[in-house]
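See structure below.
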Amino acid sequence: MKKILLALLITLFSSSLLASDEKDGRFFEDQPDVTDDYQIHFIYMLTASDKDRELDINGKIEEYANKMNALVEMFSKKTKGSSGVKKYKYDYRKDGKLDVTFIRLDKKRKELHKHINNNYRAYLWLNGFNNPKKVYFTFADVTSQDGGEGGVGMASIFLKSKYNKNINSMVKTAVHEVHHAMGGGFACVPGMSKKAHFKSGQDTDAKQMFFGKAYVHDVEGCPKGEDSVYLTPTSKDPYDPFKLICLNKWGKYNHKKLVKLREKQASDLKRGKWNYRSGGSGCKFTYWDRNGSGVMKLFNNEQANKEYNRNPKDH
């Protein structure tokens, strides 16, 4: 009887919380697109235990998004060898305003992994935020030991992290995470490690945000940041990170370092050793089919449901 009453109280609390989240100007779904081009869609996310600061409807997320693009425009212009000024392609509503979706998870923060994207990525998939022509970028108003985290398909900034108390620093980290969502840093980039970061660290803004050689280089068979399909003006020779990393369709990107890492990943997975890197950042919408083919596969709803509801200690 106590368990039944507890479950009922939790249900009533959750229903009340969800009802209070309904506010003027707020959207709970991705709104109809005005273009079928690649674009970055923004999300304001809370867990069941987090306070709503209304960042999606008070203009803050739009402010952060504009600051991100201001940095991209500045650094794309001044990076040596750049083809010119670029900025991100954002998802806008028909009224011309930035399309921001509100999400409140049905789990409390303590019920989710310390690296919350381990669960959250599956929630996105299950709820239709899985368009292969979109990057889902979340301003997560939650605690985390990290400032941000991301990979191909989605990335997050954790606003209650100690690393994000300074807005300007947070915005630079956001640009950093978008680069991971675009597949970088690719191991074939001069100075890049196998772990998708510069070997020399992030001691400059350019390194932190993956400009410099990560943005422009002349290495054959290696993707360069300015060619991402998520930047406008669109490159004459763009690459789609979802095809490269999530679908393993690398095409002309056959640099020996990339080929070696893809072969190592395939070998490791088949031998039962976890390895999610194939030359850049990992795909956030895949899982390791360790009881079947031994390869990385795109989520299906059954697998995504398991990942979202997985015990944080089992990751």
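What the table shows:
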| quantity | calculated |
| --- | --- |
| Nearest 10 degrees, 0 to 90: helix 2-20 Cα axis against the chain principal axis | 60 |
| Qualifying aspartates and glutamates (Cα of each under 14 Å from Cα of LYS313; at least 8 residues distant if same chain) | GLU111 |
| Extension gain from HIS115 to GLU73, taking 0.36 nm per residue of separation minus the Cα-Cα distance | 12.1 nm |
| Degrees separating the helix 60-78 axis from the principal Cα axis of the chain, which is the longest one | 0 |
| Distance (nanometres) between label positions extended 7 Å along Cα→Cβ at SER200 and TRP274 | 3.3 |
| Residue-by-residue Karplus 3J(HN,Hα) for the stretch 42-49, coefficients 6.51, -1.76, 1.60, Hz, glycine and proline x | 9, 9, 10, 10, 10, 8, 5, 9 |
| Contour excess over end-to-end distance, with Cα ends at SER293 and TYR163 and 0.36 nm allotted per residue | 42.8 nm |
| Cysteines in the chain that, by Cβ-Cβ distance, have no pairing candidate under 4.7 Å | none |
| Karplus (6.51, -1.76, 1.60) ³J(HN,Hα), θ = phi - 60°, over the stretch 249-255, in Hz, Gly and Pro reported as x | 10, 8, x, 6, 7, 10, 4 |
| For TYR90, distant residues with modelled amide H under 5 Å away | ILE40 |
| Electrostatic dipole magnitude of the chain [Cβ: Lys, Arg +1; Asp, Glu -1; Cα centre; debye, to 20] | 1440 |
| Nearest 10 degrees, 0 to 90: helix 117-126 Cα axis against the chain principal axis | 80 |
| Protection proxy ranking, peptides 240-246, 295-301, average beta carbon neighbours within 10 Å, highest first | 240-246, 295-301 |
| Sequence-distant residues sharing a close amide H with SER278 (under 5 Å, placed H) | none |
| Label-to-label distance, nm, for residues given as ASP314 and LEU126 (7 Å Cα→Cβ offset) | 1.3 |
| Rounded to 5, the percent of DSSP beta bridges in the chain classed as antiparallel | 35 |
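FYI, it's all coordinate maths here, none of it is from the lab. Just so we're clear, the structure is a prediction, and the values are computed from it rather than from any experiment. Positions of Cβ are backbone-derived with ideal geometry, glycine not excepted, and every protein chain shown enters the neighbour counts.
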